[in-house]
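Colleague: Just passing along the structure, written as structure tokens.
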């Protein structure tokens, strides 16, 4: 997934950076934190907006296996963060209230 993201960003000259657990893992573990199961990339607004526009124009920009979820998309995704999703996998979440 990260390779597909990097390929698109490099092709379109979009800048991105690591943050959160991914940045901590890169510094502290020289790789990934073993229990951190996602990757955290950030972008400045101009590059982010361009990426979203590219995705809207071509939803298969990352390949057949991946899509994006972002605030205000057609499926009413409500979180204020954007996610790149591997559509060949499933995750089951159990809410604890």
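None of the figures in this text is laboratory data; all of them are computed from the coordinates on show. Quantities reported herein were computed from a predicted structural model and do not represent experimental measurements. Neighbour counts run over all protein chains shown; Cβ positions are idealised from the backbone, glycine included.
Colleague: Being on the phi < 0 side of the Ramachandran plot, assigned to a loop (DSSP other than H, G, I, E, B) and over 15 Å from the mean Cα position of the chain (by Cα): is that true of residue 75 here?
Modeller: Taking the combined requirement at face value, the residue satisfies it.
Every residue, every condition in (1) under 19 Å from residue 2 (Cβ atoms); (2) touching a strand residue (DSSP E or B) at 6+ places or on another chain (Cβ under 9 Å); (3) touching a residue at least 24 places away in the same chain (Cβ under 8 Å), yes or no:
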position: 25; (1), (2), (3): yes, yes, no
position: 36; (1), (2), (3): yes, no, no
position: 52; (1), (2), (3): yes, yes, yes
position: 68; (1), (2), (3): yes, yes, no
position: 75; (1), (2), (3): no, yes, no
position: 84; (1), (2), (3): yes, yes, yes
position: 96; (1), (2), (3): no, no, no
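Colleague: Quick check on my filter: what residues within the range 54-66 are part of a loop (DSSP other than H, G, I, E, B), more than 14 Å from residue 1 (Cβ to Cβ) and either touching a residue at least 40 places away in the same chain (Cβ under 8 Å) or out of contact with any strand residue (DSSP E or B) (no Cβ under 9 Å at 6 or more places or on another chain) (or both)?
Modeller: 58
Colleague: Which residues, taken from the range 13-45, are assigned to a loop (DSSP other than H, G, I, E, B), farther than 29 Å from residue 93 by Cα and out of contact with any helix residue (DSSP H, G or I) (no Cβ under 6 Å at 6 or more places or on another chain)?
Modeller: Of everything in the range 13-45, those that are assigned to a loop (DSSP other than H, G, I, E, B), farther than 29 Å from residue 93 by Cα and out of contact with any helix residue (DSSP H, G or I) (no Cβ under 6 Å at 6 or more places or on another chain) turn out to be 13, 30, 44.
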